[in-house]
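Okay, structure first, notes after.
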Amino acid sequence: EKAGFDHFMLKEIHEQPKAYRDTMRGRVSEDGRSVALSELSLTPEQIRGINRVHIVACGTALHAGLVGKTIIEQLARLPVETDVASEYRYRSPIITPETLVIVVSQSGETADTLAALREAKRNGAHVLAITNVVGSSVAREADDAIITLAGPEIAVASTKAYTSQLIAFYLFGLHLAQTLGTQDEAFVAKMLAAMQALPEQVEKILAQAETVKELAESISKHNNLFFIGRGVDYAVALEGSLKLKEISYIHSEAYAAGELKHGTLALIEEGVPVIALLTQEDLFEKTVSNIKETKARGAHVLGIFNEGHEEEVAKSVDRGFAIPRTLPLLTPALSVVPLQLLSYYASLALGHDVDKPRNLAKSVTVE
Ligand code: F6R
């Protein structure tokens, strides 16, 4: 049932190209120029009435939501807040009938996420679920659902569910943009074409698993490391850090690259690994300055960057891993893949139970 892979996690990492294709299939018009989310009951009129969006989830699903925030703000120019589901109800959030609440949950059964959904509905919001399980509590109770078609996810550490959630956000962001007229047709078509290229680009990354394995083996000798990035790279840094902690038990922290110098830089000493994401071209120079701050204190930096930037990157990092070029908003769907592989191989090198990490359950049904 592991289809020749040693672990479910590795199998699921490798299933991502298929999960992307399946999640997009039937949701893009035949000419490839527009999104067609025919499963939604949300009418154009309702969409025009939305004045704020709340994205609520836990763990990895929340990290997908952090990318979702940028996607919706950039594509649809609607203000978006993201919340940890276990905090949402207790901060008396401002929820009105003009609020769209998006809950993200692979399993569709996470207790805190479900409670947040109910609170949102009680206050009259329209609730959209992004979930991987048809017929789950979240799918049933939400007003609308976009089902990610990642297929069953067995490994406790979420991989293909996360990336399929990103695909769902890209599609939904474009759906909002088409309805609100915030992006022109040419842009929508361009973004969809770039999305169609993602599965093959992920395959290219997967073909370099051996390189990531070597990097993971060197990282596994440390007990403390950092992930840094700006913009969507920061959201991906959070996910990379969670994945590593979850299955390798190596402590790591993710920081917005510019925030390190406000305290955390004190923890950087000789040899501490720093994984820096550099996929946002407009933020490249700024992140490079932050990398230099860590290197001046002895950090060993691994850079994840866009193909074509080899020379510039080589000047500031110790090791690099290039991802294929795509649109800036789409890089998370690629850059997270080497980080998933990194945590997988680090866990393996340390001899841990990759698929069933200690203290964790696949579905968290307690608050
Ligand atoms: C981490 C992981 C968890 C889940 C979280 C929410 O790899 O899997 O952080 O993302 O427990 O679960 P769902 O998405 O089922 O609501």
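Would you point out which residue out of Thr43, Thr60 is among the β-branched types (Val, Ile, Thr) and open to solvent by less than 20 Å² (accessible area, probe 1.4 Å)? Full working, then the answer.
Values: Thr43 fails: open to solvent by less than 20 Å² (accessible area, probe 1.4 Å).
Only one candidate qualifies: Thr60.
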**OP:** Hey, can you tell me all the residues within segment 16-35 that are touching a strand residue (DSSP E or B) at 6+ places or on another chain (Cβ under 9 Å) and under 16 Å from Val188 (Cα atoms)?
**Re:** Arg27, Val28, Ser29, Ser34, Val35
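Considering each of Leu198, Leu225 in turn, give the residue that is open to solvent by less than 30 Å² (accessible area, probe 1.4 Å) and outside any helix (DSSP H, G or I). Talk me through it step by step, then tell me what you get.
On the way: Leu198 fails: outside any helix (DSSP H, G or I).
After ruling out the rest, the residue left standing is Leu225.
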Original post:
Failed condition for Gly303, given (1) free of Cβ contacts under 8 Å to residues at least 40 places away in the same chain; (2) surrounded by 17 or more Cβ atoms within 10 Å (Cβ to Cβ); (3) within 14 Å of the ligand (Cβ to nearest atom), with all others met?
Top reply: (3)
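For residues that are open to solvent by 50 Å² or more (accessible area, probe 1.4 Å) and at negative phi, scanning just segment 245-256, find the one that is nearest to the ligand (Cβ to nearest atom).
Here is the first cut: in segment 245-256, the ones open to solvent by 50 Å² or more (accessible area, probe 1.4 Å) are 245, 249, 251, 253, 255.
Imposing the further condition that a residue be at negative phi reduces the set to 245, 251, 253, 255.
Working: Lys245: 10, His251: 16, Glu253: 16, Tyr255: 19 Å.
Looking at the filtered set, the residue picked out is Lys245.
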**OP:** Any chance you could count how many residues in segment 334-359 are over 20 Å from Ser218 (Cβ atoms) and either part of a loop (DSSP other than H, G, I, E, B) or of a type in the set (Phe, Trp, Tyr) (or both)?
**Re:** 6
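Considering only segment 111-133, state which residues are more than 22 Å from the chain's Cα centre (by Cα) and within 15 Å of the ligand (Cβ to nearest atom). I'd like the intermediate steps shown before the answer.
Within segment 111-133, the first condition is being more than 22 Å from the chain's Cα centre (by Cα), and the residues that meet it are 115, 118-126.
The answer is Ala115, Arg118.
Looking at the structure I just gave you, is Ala168 under 30 Å from Ile268 (Cα atoms), within 16 Å of the ligand (Cβ to nearest atom), crowded, with 21+ Cβ neighbours inside 10 Å and not aromatic (Phe, Trp, Tyr)? Reasoning before the result, please.
On the way: under 30 Å from Ile268 (Cα atoms): no; within 16 Å of the ligand (Cβ to nearest atom): yes; crowded, with 21+ Cβ neighbours inside 10 Å: yes; not aromatic (Phe, Trp, Tyr): yes.
When the stated conditions are applied, Ala168 does not pass them.
Among the residues of segment 277-298, which ones are touching a Leu at 6+ places or on another chain (Cβ under 9 Å) and either under 19 Å from Leu66 (Cβ atoms) or open to solvent by less than 20 Å² (accessible area, probe 1.4 Å) (or both)? Explain how you work it out, then say what you get.
So in segment 277-298, the residues touching a Leu at 6+ places or on another chain (Cβ under 9 Å) come out as 277, 279, 284, 287-288, 290-291, 293-294, 297.
Within segment 277-298, Leu277, Thr279, Phe284, Thr287, Val288, Asn290, Ile291, Thr294 meet the criteria.
Select, from Ala314, Ala361, Ala333, the only residue that is modelled with pLDDT of 95 or more, aliphatic (A, V, I, L, M) and either away from the ligand (no atom under 14 Å from the Cβ) or more than 20 Å from Val67 (Cα to Cα) (or both). Working first, answer last.
Values: Ala314 fails: modelled with pLDDT of 95 or more; Ala361 fails: modelled with pLDDT of 95 or more.
Result: Ala333 is the single residue among Ala314, Ala361, Ala333 that is modelled with pLDDT of 95 or more, aliphatic (A, V, I, L, M) and either away from the ligand (no atom under 14 Å from the Cβ) or more than 20 Å from Val67 (Cα to Cα) (or both).
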Original post:
Restricting segment 63-77 to residues that are out of contact with any Pro (no Cβ under 8 Å at 6 or more places or on another chain) and either open to solvent by 20 Å² or more (accessible area, probe 1.4 Å) or over 28 Å from Val188 (Cβ atoms) (or both), which is farthest from the ligand (Cβ to nearest atom)?
Top reply: Arg77
Original post:
Within the set of pairs 6 or more residues apart or between chains, which connect a residue that is touching a residue at least 24 places away in the same chain (Cβ under 8 Å) inside segment 233-246 to a residue that is among the β-branched types (Val, Ile, Thr) and within 14 Å of the ligand (Cβ to nearest atom) with Cβ atoms less than 6 Å apart?
Top reply: Ala235/Val67; Val236/Val336; Glu239/Val336
**OP:** Look through Leu339, Leu283, Leu329, Leu302 and report the one residue that is of a type in the set (A, V, I, L, M) and out of contact with any Lys or Arg (no Cβ under 7 Å at 6 or more places or on another chain).
**Re:** Leu329
Original post:
Does segment 62-83 contain at least one residue that is closer than 18 Å to Ala125 by Cα, at pLDDT 95 or above, in contact with a Leu (Cβ under 9 Å, 6 or more places away or on another chain) and of a type in the set (Ser, Thr, Tyr)?
Top reply: yes
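Residue by residue, here is whether (1) farther than 14 Å from Gly59 by Cα; (2) among the hydroxyl-bearing types (Ser, Thr, Tyr) holds:
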{"position": "Ala237", "(1), (2)": "no, no"}
{"position": "Gly240", "(1), (2)": "no, no"}
{"position": "Tyr249", "(1), (2)": "yes, yes"}
{"position": "Tyr255", "(1), (2)": "yes, yes"}
{"position": "Leu260", "(1), (2)": "yes, no"}
{"position": "Leu265", "(1), (2)": "yes, no"}
{"position": "Glu269", "(1), (2)": "yes, no"}
{"position": "Pro273", "(1), (2)": "yes, no"}
{"position": "Ala276", "(1), (2)": "yes, no"}
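Can you say whether Leu117 is at pLDDT 95 or above, among the hydrophobic types (A, V, I, L, M, F, W, C) and closer than 24 Å to Lys18 by Cβ, as far as the supplied structure shows? Break it down stepwise before answering.
Values: at pLDDT 95 or above: yes; among the hydrophobic types (A, V, I, L, M, F, W, C): yes; closer than 24 Å to Lys18 by Cβ: no.
No, not satisfied.
Hey, does segment 134-149 have a residue that's touching a residue at least 40 places away in the same chain (Cβ under 8 Å), within 11 Å of the ligand (Cβ to nearest atom), of a type outside the set (A, V, I, L, M) and within 23 Å of Val202 (Cβ to Cβ)? So that I can check it myself, show each step before the final result.
Let us first name the residues in segment 134-149 that are touching a residue at least 40 places away in the same chain (Cβ under 8 Å), namely 143-149.
So of that shortlist, the ones also within 11 Å of the ligand (Cβ to nearest atom) come out as 148.
Adding the requirement that they be of a type outside the set (A, V, I, L, M) leaves 148.
Checking the rest, the ones that are also within 23 Å of Val202 (Cβ to Cβ) come to 148.
There is at least one residue in segment 134-149 that is touching a residue at least 40 places away in the same chain (Cβ under 8 Å), within 11 Å of the ligand (Cβ to nearest atom), of a type outside the set (A, V, I, L, M) and within 23 Å of Val202 (Cβ to Cβ).
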**OP:** Evaluate the following for Leu242: is it under 18 Å from Val354 (Cα atoms), open to solvent by 10 Å² or more (accessible area, probe 1.4 Å) and under 18 Å from the mean Cα position of the chain (by Cα)?
**Re:** yes
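The values are calculated or read from the model by the stated rules, or taken from the named source; none is laboratory data. Only a predicted model underlies this, so the values are computations on that prediction, with no experimental measurement involved. All Cβ positions, even for glycine, are placed from backbone atoms using ideal geometry, and neighbour counts span all protein chains on display. Calculation scope for accessible area: heavy atoms of the full protein, side chains included, ligands and nucleic acids excluded. Shrake-Rupley method; radii C 1.70, N 1.55, O 1.52, S 1.80 Å.
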